[in-house]
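Worksheet: the structure to be examined is printed underneath.
The values are calculated or read from the model by the stated rules, or taken from the named source; none is laboratory data. Not measured: the values here are computed from a predicted model. Here the Cβ positions follow ideal geometry from the backbone for every residue, glycine too, while neighbour counts run over all protein chains shown.
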Amino acid sequence: KEGDDIARADLCYGHNTNEGCQKWDEAEMPTCRNPGDKFESKPVYGNPNMVYDITNASYGISDCQAICWSNCSCFGFKSYYDNGTGCVILLSTKGLNIASSGDYVFSILVKNTDHKGINVPN
C-alpha cells in the first residue's frame, strides 16, 4: 500500500523484531535497559535545567530515541525544532510533572517492571 511504513523506528527497542524492527545482540542492549522498556508520549511541565539540547538539524526523532536509549542518564526525548529535527534529551525527572496537559510533549522512558525472568530468544 502507498504510504505504509516499512519499519516504525519509534517502536524499535532492539529486543524484538515486531513491525520490521532489527533485533540487537544482547551485548548491544544497554545495561540500564531491559526487554519491555519503552518510550511513551507524555505531556510534561519541566525545568529547562533538566535537558540537554542537540541543535544538529540532521538528527531526526529516531536518532533522538537511539541517543536516549543508549544513555543511562536519559529519561526521555523530543525534537528540538518544530520540523522534527534536533533533539532535546531529558536528563532528570526531578521536578518533572507529567500531567494531562503540559508545556511540552516528551517521549518518556517507561520501565518494564515485569522483566525479571524474561528470556529473549535469539
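Report, by residue number, each residue of the stretch 51-66 that is out of contact with any helix residue (DSSP H, G or I) (no Cβ under 8 Å at 6 or more places or on another chain), among the hydrophobic types (A, V, I, L, M, F, W, C) and at pLDDT 95 or above. Hits for the stretch 51-66 are A57, C64.
Selection of the stretch 47-63 for residues being within 12 Å of G76 (Cα to Cα) and either of a type in the set (S, T, Y) or in contact with a Leu (Cβ under 7 Å, 6 or more places away or on another chain) (or both) yields M50, V51, Y52. Only residues that are of a type outside the set (D, E, K, R), touching a Phe, Trp or Tyr at 6+ places or on another chain (Cβ under 7 Å) and part of a loop (DSSP other than H, G, I, E, B) were counted across the stretch 31-62, and they come to 3. Can you work out which of the residues in the stretch 87-116 that are in a loop (DSSP other than H, G, I, E, B) and under 24 Å from C21 (Cβ atoms) is nearest to the chain's Cα centre (by Cα)? Here the answer is K111.
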